[in-house]
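Trainee: This structure is in structure tokens; I'll ask about it shortly.
The values are calculated or read from the model by the stated rules, or taken from the named source; none is laboratory data. The shown structure was predicted, so the numbers you read here are calculated from the model rather than taken from an experiment. Cβ: placed from backbone, ideal geometry, glycine included. Neighbour counts: every protein chain shown.
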Amino acid sequence: MKKSIVKIFAIASLTFAIVVVGCSDDDKTSTTPSSFVLNRDALQGSINDGEVVLESGTYKLTGELFVRAGAKLTIKPGVIIEATANTNSVVRYIAVAQDGKIDVQGTASKPVVMTSTAKTPGAWGGLVLCGRAPINSGAIATAEVGYQLTYGGTNAADNSGSIKYLRVEYPGYQYSSAKEFNGISFFGVGNGTVVENVQVLESSDDGFEFFGGTVNTKNLVVLNTNTTFAGDDLFDWTEGWSGTNENWYGKRTNGGNRGIEADNNSENHLASPISNPTIKNLTLIGTGAADAGSEAQAIKLRVGTKAKFDNVFLSNWKRGFDVQHNESVGYVTDGSLDAVNVRFENVTEKSKGTKTAVGTAPAETADVDAIFTESTTATGAGNGAAAPTWSQGWTTGL
């Protein structure tokens with residue numbers, strides 16, 4: 001009887017071992033075949049099904065690359081995607097459509113890099129994500145870039161994938177004055193999406209822009225230094241974005257625009273959902289109070305946006321907080337637009353408020369000093385004006 005039990009136990013143990021071996025890491029990372037034909041020297045087209053994996057080395061982005069509904073693009077640590085020069089009006093960019101997914105698997109020592117052969121701002125389009133989270137520009141809208149990429153919906157928890165340890169370099173291609181790519185554009189992206197440790201370098205338009213949605217972010221960096229192509233804002237939001245964010249570091253040494261440009265909806269300032277993100281640990285560095293290239297506002301809040309800021313370090317700006325239009329001015333009064341623990345360094349004017357203009361008369365000013373509460377110990381993104389420790393290893397130029 002004992003021998004039988006031992007034999008049974010041995011057989012069971014062997015069976016268990018076989019099962020464990022069968023569930024190897026290779027099996028866990030196995031992919032669903034895709035009909036997409038991957039060409040390392042000509043990465044372009046539409047991924048319509050299954051999963052495409054970029055394993056290692058450099059891939060040449062030679063056209064538009066779409067990740068369609070039901071498909072997935074996975075990018076392994078250390079992979080470089082290099083956009084070639086735009087030809088015959090065919091812009092290089094990567095777009096994840098609604099119900100498509102991207103999985104950027106960079107690490108601190110091996111970040112994924114999306115760059116271009118030309119090392120100048122605006123050399124290619126950048127990265128575009130479209131989700132089904134709520135927006136306030138209609139139930140469904142069409143992205144300003146790409147071909148008929150729709151975004152928006154009712155699913156706040158929508159998931160467009162995961163982006164970790166990514167650098168996007170020299171993006172921001174401009175079709176026209178009204179149609180321009182950013183470094184990364186989030187169109188109605190939901191909070192099921194992971195966005196952590198991402199840098200945008202030398203974008204000719206905004207570094208990160210959020211068009212509605214609920215996506216949350218952590219450890220974002222924007223750096224603009226190119227003096228020929230000044231760039232636009234470091235961070236930008238509109239159309240009802242309401243994400244929760246931690247550790248933003250933005251710096252420009254050129255004649256670009258603001259640190260943050262924040263809107264609700266320019267056509268309807270009370271459009272719902274109202275833009276209302278939370279940003280904790282923020283550093284914005286400008287070029288100095290004498291900057292004549294723009295109004296040099298660290299943070300411009302207008303057309304009905306709300307926001308909550310905590311632990312803010314603003315350095316080298318002509319103006320700290322610029323609040324415009326009756327709705328946003330009113331949110332300062334009721335406390336739904338405010339910033340606590342703010343430290344100013346070389347900022348000429350800490351705040352300015354302007355009411356909505358009526359007719360041809362000049363817009364009235366408003367007292368919005370209540371928007372901020374100062375703190376001499378605020379560290380911003382972690383190290384005041386200096387590069388934060390969490391950015392070490394995977395960013396460049398800081």
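Trainee: Name the one entry in Thr379, Thr348, Thr356, Thr373 that is hydroxyl-bearing (Ser, Thr, Tyr), in a strand (DSSP E or B) and either touching a His at 6+ places or on another chain (Cβ under 9 Å) or under 16 Å from Ile279 (Cβ atoms) (or both).
Mentor: The conditions single out Thr373.
Trainee: Return yes when Ile102 is closer than 21 Å to Val189 by Cα and assigned to a strand (DSSP E or B) and no when it is not. It would help to see each step written out before you state the result.
Mentor: On the way: closer than 21 Å to Val189 by Cα: yes; assigned to a strand (DSSP E or B): yes.
Yes.
Trainee: Being touching a residue at least 12 places away in the same chain (Cβ under 8 Å) and touching a Leu at 6+ places or on another chain (Cβ under 9 Å) is the filter; apply it to the range 330-345 and report the residue that is farthest from Gly382 (Cα to Cα).
Mentor: Ranking the candidates gives Tyr331 first.
Trainee: Hey, could you check the range 370-383 for residues that are in contact with a helix residue (DSSP H, G or I) (Cβ under 9 Å, 6 or more places away or on another chain) and farther than 16 Å from Lys218 by Cβ and say which is surrounded by the fewest Cβ atoms within 10 Å (Cβ to Cβ)?
Mentor: Initially, the range 370-383 is screened for residues in contact with a helix residue (DSSP H, G or I) (Cβ under 9 Å, 6 or more places away or on another chain), giving 370-371, 381-383.
Now narrow it down to the ones that are farther than 16 Å from Lys218 by Cβ: 370-371, 383.
Details: Ala370: 13, Ile371: 28, Asn383: 15.
Selected residue: Ala370.
Trainee: Of the residues Asn257, Asn341, which is modelled with pLDDT under 95 and out of contact with any Phe, Trp or Tyr (no Cβ under 8 Å at 6 or more places or on another chain)?
Mentor: Numbers: Asn341 fails: modelled with pLDDT under 95.
Selected residue: Asn257, the only one of Asn257, Asn341 that is modelled with pLDDT under 95 and out of contact with any Phe, Trp or Tyr (no Cβ under 8 Å at 6 or more places or on another chain).
Trainee: Filter the range 142-154 down to residues that are within 19 Å of the chain's Cα centre (by Cα), surrounded by fewer than 24 Cβ atoms within 10 Å (Cβ to Cβ) and not β-branched (Val, Ile, Thr) and give me whichever is modelled with the lowest pLDDT. Show your work before the answer.
Mentor: Just the residues of the range 142-154 that are within 19 Å of the chain's Cα centre (by Cα), to begin with: 142-146, 149-152.
Those still in the list that are surrounded by fewer than 24 Cβ atoms within 10 Å (Cβ to Cβ) too: 142-146, 149-150.
Restricting the remaining residues to those that are not β-branched (Val, Ile, Thr) gives 143-144, 146, 149.
Working: Ala143: 93, Glu144: 82, Gly146: 70, Leu149: 94.
Here the residue is Gly146.
Trainee: What do you reckon, is Ala133 small (Gly, Ala, Ser) and assigned to a loop (DSSP other than H, G, I, E, B)? Please lay out each step first, then the result.
Mentor: On the way: small (Gly, Ala, Ser): yes; assigned to a loop (DSSP other than H, G, I, E, B): yes.
Yes; evaluated as a whole, the condition is true for this residue.
Trainee: Out of the residues in the range 180-208 meeting the condition of being surrounded by fewer than 24 Cβ atoms within 10 Å (Cβ to Cβ) and among the charged types (D, E, K, R), tell me which one is farthest from Ala141 (Cα to Cα).
Mentor: Of the range 180-208, the ones surrounded by fewer than 24 Cβ atoms within 10 Å (Cβ to Cβ) are 180, 190-192, 194, 196.
Now restrict to residues that are among the charged types (D, E, K, R): 180, 196.
Numbers: Glu180: 17, Glu196: 26 Å.
My answer is Glu196.
Trainee: May I pose another question? Which residue out of Ala386, Ala361 is at pLDDT 95 or above, surrounded by fewer than 23 Cβ atoms within 10 Å (Cβ to Cβ) and of a type in the set (A, V, I, L, M)? Please lay out each step first, then the result.
Mentor: Details: Ala361 fails: at pLDDT 95 or above.
Answer to the selection: Ala386.
Quick grid of which residues meet (1) surrounded by fewer than 10 Cβ atoms within 10 Å (Cβ to Cβ); (2) in contact with a helix residue (DSSP H, G or I) (Cβ under 7 Å, 6 or more places away or on another chain); (3) of a type in the set (Ser, Thr, Tyr); (4) modelled with pLDDT of 95 or more:
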site: Ile5; (1), (2), (3), (4): yes, no, no, no
site: Leu14; (1), (2), (3), (4): no, no, no, no
site: Asp27; (1), (2), (3), (4): yes, no, no, no
site: Ser46; (1), (2), (3), (4): no, no, yes, yes
site: Leu54; (1), (2), (3), (4): no, no, no, yes
site: Phe66; (1), (2), (3), (4): no, no, no, yes
site: Ala69; (1), (2), (3), (4): no, no, no, yes
site: Pro77; (1), (2), (3), (4): no, no, no, yes
site: Thr84; (1), (2), (3), (4): no, no, yes, yes
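Trainee: Counting only residues that are in a strand (DSSP E or B) and of a type in the set (Ser, Thr, Tyr), which one in the range 159-198 is nearest to Ala97 (Cα to Cα)? Walk me through how you get there before you give the answer.
Mentor: Step one: filter the range 159-198 for residues in a strand (DSSP E or B), giving 161-169, 171, 174-176, 179-180, 184-187, 194-198.
From the residues that got through so far, the ones that are of a type in the set (Ser, Thr, Tyr) too are 162, 165, 175-176, 185.
Working: Ser162: 14, Tyr165: 21, Tyr175: 20, Ser176: 23, Ser185: 12 Å.
Across the range 159-198, the extreme among qualifying residues is Ser185.
Trainee: Looking at the structure I just gave you, is Phe181 of a type in the set (A, V, I, L, M, F, W, C) and within 15 Å of Pro277 (Cβ to Cβ)?
Mentor: Working: of a type in the set (A, V, I, L, M, F, W, C): yes; within 15 Å of Pro277 (Cβ to Cβ): no.
For Phe181, the condition - of a type in the set (A, V, I, L, M, F, W, C) and within 15 Å of Pro277 (Cβ to Cβ) - is not met.
Trainee: If only one of Gly259, Gly231 is within 15 Å of Gly288 (Cα to Cα), in contact with a strand residue (DSSP E or B) (Cβ under 9 Å, 6 or more places away or on another chain) and buried (at least 24 other Cβ atoms within 10 Å of the Cβ), which one is it? Reasoning before the result, please.
Mentor: Working: Gly231 fails: within 15 Å of Gly288 (Cα to Cα).
Exactly one residue qualifies, and that residue is Gly259.
Trainee: If the requirement is being more than 19 Å from the chain's Cα centre (by Cα) and either without any contact (Cβ under 8 Å) to a residue 12 or more places away in the chain or more than 26 Å from Tyr175 (Cβ to Cβ) (or both), which of these qualifies: Thr120, Thr107, Thr74, Thr87?
Mentor: Details: Thr120 fails: either without any contact (Cβ under 8 Å) to a residue 12 or more places away in the chain or more than 26 Å from Tyr175 (Cβ to Cβ) (or both); Thr107 fails: more than 19 Å from the chain's Cα centre (by Cα); Thr74 fails: more than 19 Å from the chain's Cα centre (by Cα).
Sole residue among the options that is more than 19 Å from the chain's Cα centre (by Cα) and either without any contact (Cβ under 8 Å) to a residue 12 or more places away in the chain or more than 26 Å from Tyr175 (Cβ to Cβ) (or both): Thr87.
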